[in-house]
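Below is one structure; the comments refer to it alone.
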Amino acid sequence: MTRRRWIADSWDEATASLTGEQASHLIRVLRAQPGMEFDIVAGDRVWHAVIAGISGDSVRFNLLAEEKADPALPVTLLLSVFRFERMEWAIEKATELGVERVLPVIARRSEKHLAQSAKTRAERWRRIAREAAKQSRRSDVPVIDDPLPLKTALQQEKQGARLLLAEQERSTTLRHALTEALAASGDQMPLISMAVGPEGGWTAEEEALFDAEGWKPVSLGPRILRAETAAMTAMAVTAALLE
Ligand code: SAM
């Protein structure tokens with residue numbers, strides 16, 4: 001039986017609690033009562049749980065039995081800052097497709113006003129990832145980092161296979177690069193980072209920076225995709241190959 005799933009705000013080995021929006025939805029919309037059973041995501045574990053008590057705007061659960069958890073894909077998505085509603089769509093889709101972490105980056109062609117307000121938008125992106133994690137019945141919530149300038153991000157992202165989604169690339173496809181990373185990591189899941197450019201694309205200077213930092217340009221095919229479509233397509237291809 002599929003039970004509705006919630007993401008715990010606090011938990012220990014035997015109990016978990018919901019507060020804020022989730023709790024008020026449960027109390028006011030779903031008319032929750034002690035004894036009702038749900039699934040609770042606590043950290044990266046999933047529990048069959050029962051409501052033990054409701055007080056004010058907080059719902060307390062007893063954790064009954066641990067359920068099988070499907071780990072996230074070991075993928076970090078460097079997502080350039082672009083029009084927020086489209087970027088948020090991409091964050092929602094990447095969450096549904098199993099991304100582990102999203103690092104928003106400010107690229108040269110990220111619009112100035114968006115780059116300036118990106119930091120204040122990060123909390124909203126985290127809420128969107130949480131809702132999408134619940135809806136897609138994930139057993140964890142992807143990490144959404146605070147936005148960073150591209151150069152700073154590339155100085156810190158040094159692990160695993162690093163793939164630059166480049167619309168001009170013609171020789172190496174993402175599928176090919178992922179197959180190589182899989183073969184190179186033996187039976188371990190390869191760590192993968194993928195970078196998606198803004199609507200105006202990467203500048204030649206940025207492509208040189210990626211190259212200097214050891215990122216491999218990869219293609220998603222001959223057509224120019226919108227940034228949000230490229231993000232979703234890259235996650236779908238990766239999920240298809242790794243899951
Ligand atoms: N600068 C491009 C143009 O107008 O010609 C468009 C950039 S595209 C809207 C935004 C980003 O999506 C690109 O920087 C790239 O990261 C990714 N992208 C789009 N189509 C792609 C493709 N066919 N292969 C690889 N990446 C692609």
Report summary line: Here, residue 242 and residue 211, labelled 7 Å along Cα→Cβ, have an inter-label distance in nm of 2.7
Report task. Grab the beta carbon distance between residue 187 and residue 117, set R0 = 41 Å, and tell me the FRET efficiency rounded to 0.05. Result -> 0.40
Query raised in the report: So which helices of the chain fit the span-like rule, where a helix is a whole DSSP H run, its Cα atoms reach 20 Å or more along the axis, and its mean Kyte-Doolittle is at least -0.5?
Result: 227-242
Report summary line: Note, the stretch 55-64: 3J(HN,Hα) by Karplus (6.51, -1.76, 1.60, θ = phi - 60°), whole Hz, Gly/Pro = x, goes 9, x, 9, 10, 10, 9, 10, 9, 7, 8
Requested in this report: For the chain, compute the number of Lys pairs whose alpha carbons are separated by less than 27 Å, excluding pairs fewer than 8 positions apart on the same chain.
Outcome: 14
**Report entry** For the chain, calculated [θ]222 nm from helices alone, where every DSSP H run of n ≥ 4 adds -39500 (n - 2.57)
**Finding:** -11000 deg cm²/dmol
Report summary line: One would report the antiparallel percent of DSSP beta bridges in the chain, rounded to the nearest 5, as 45
Requested in this report: Taking H placed 1.01 Å from N in the peptide plane, check which residues at least 5 places from residue 216 or on another chain put their amide H under 5 Å from its amide H.
Outcome: 162, 163, 164
Query raised in the report: Given the chain, what whole percent of its Cα pairs are spread farther than 26 Å?
Result: 44
Query raised in the report: Say R0 is 30 Å: what FRET efficiency, to the nearest 0.05, do residue 171 and residue 226 get from their beta-carbon distance?
Result: 0.85
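Just so you know, all these numbers are worked out from the coordinates, no wet-lab data involved. Just so you know, these numbers come straight off a predicted model, no measurement behind them. No Cβ is skipped: glycine too gets one built from the backbone with ideal geometry, and neighbour counts run over all protein chains shown.
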